[in-house]
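The values are calculated or read from the model by the stated rules, or taken from the named source; none is laboratory data. Since the structure is predicted, the reported quantities are computational estimates derived from the model, not experimental observations. Cβ placement follows ideal geometry from the backbone for every residue including glycine, while neighbour counts extend to all protein chains displayed. Side chains are part of the model used for accessible areas, which takes the heavy atoms of the whole protein and leaves out ligands, DNA and RNA. Shrake-Rupley method; radii C 1.70, N 1.55, O 1.52, S 1.80 Å.
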Amino acid sequence: MTVRTLLVGIDGGGTRTRLRLATPEGTVLADGDGGPANIALDAGPARESIRQALDLALSRVGLLGADCRLIAVAGMAGAEATGAVARFNARPAMFARLRIVSDAYTSCVGAHAGADGAMVAAGTGTVGLAIAGGATRRVGGWGFPQGDEGGGAWIGLQAIRLMLRAGDGRIPRTLLSEAVRARLADGGADPMLWAVGARAADFAALVPMVAALARDGDAEARDLLGRAGAEIELLLGALRAAEGFASLPCCVLGGLAPLVLPYLSPATRAGLSAPKGDAIDGAMRLAKRLHETPPA
């Protein structure tokens, strides 16, 4: 039986894993998805999320892993953490060849279709990355809660802090604080203790509620999203501040982008370009390059 060579692009985020299976010529065969894949935290769950997504994609085209030679590039949350890639690679291999880069890198490659450019990715967390002539510049993306300002987890955390202060009587109760309290109580939690042990994805799950209140005109929810927009602008400004990066095309992408873009200043929005692709597109471009590069 002939073993088929296939390309695999992976977007491993803090909340969800996406995977795409394609031929070396670029024909997309199938997509799959899995759970969180932050390899800075634990390589085990990340590997299982990728395995889940891979098995799903293969099953959709009637293939087994043993039938294929898989060439993969994975853009992974937490890839920059010391030892994270080595810990992941120490586990049994799923692919004939695998290159792991940061999810910020695949996002930037995808956003500019492989050309030089800059981007801020806004999802559960936030990170800015620019690529110019083979050099890269990264700002933000230092993890939650110490960083990732303006991202979904950060927005959820600010909403929780507001609810806690109102619950103590330190500030008046508001529509937003009471909406957070009710949401947590409906889930069976003690709202004042819910945050103990909560994950970034748990905080980010509060964003749709904040967004709904903002759409309904709640000034406090709008102010919170405005603060998130200000954090995104700081990331954009820092990317452009370095020599050689100031004139790059720049965009904002990620699941949170449609929510925060209206809260950026008109001047900032006018200077942005539309993304040409996303992280999974970037991973597929890099997988094609890896396939075309002989093994060392």
> Quick one: if you take sqrt(5λ) for each eigenvalue of the C-alpha gyration tensor of the chain, what semi-axes come out, biggest first, whole angstrom?
Replying inline: 36, 24, 16
>> Accessible area per residue for the chain in Å², computed with a 1.4 Å probe and the full protein assembly in place, what is it?
In response: 45
> Along each of its three principal axes, how wide is the spread of alpha-carbon positions in the range 122-275, in whole angstrom units, largest first?
Replying inline: 52, 32, 25
> What fraction of the Cα pairs in the range 48-142, stated in percent, has a spacing above 20 angstrom?
Replying inline: 47
> How many percent of the accessible area of the range 191-295 is carbon or sulfur, using a 1.4 Å probe?
Replying inline: 58
> Going 7 Å from the Cα of GLU220 in the Cα-to-Cβ direction, what parts of the range 161-203 have a backbone nitrogen less than 15 Å from that spot?
Replying inline: 161-184, 192
> What ranking, highest mean first, results for peptides 251-263, 190-202, 174-186 when packing means the other Cβ atoms within 10 Å averaged over each residue?
Replying inline: 251-263, 174-186, 190-202
> How long are the three semi-axes of the equivalent ellipsoid for the range 1-60, computed from the Cα gyration tensor as the root of 5 times each eigenvalue, in whole Å, largest first?
Replying inline: 23, 11, 10
> What nm distance separates the two modelled labels at VAL3 and GLU178, each placed 7 Å from Cα along Cα→Cβ?
Replying inline: 6.5
>> Can you show me the helix-derived [θ] at 222 nm for the chain, built from DSSP H runs with n ≥ 4 at -39,500 (n - 2.57) apiece and divided by the number of residues, rounded to the nearest 500.
In response: -12500 deg cm²/dmol
>> Need the full-extension length gain, ALA242 to ALA185, defined as separation in residues times 0.36 nm minus the C-alpha distance. One decimal, nm.
In response: 15.8 nm
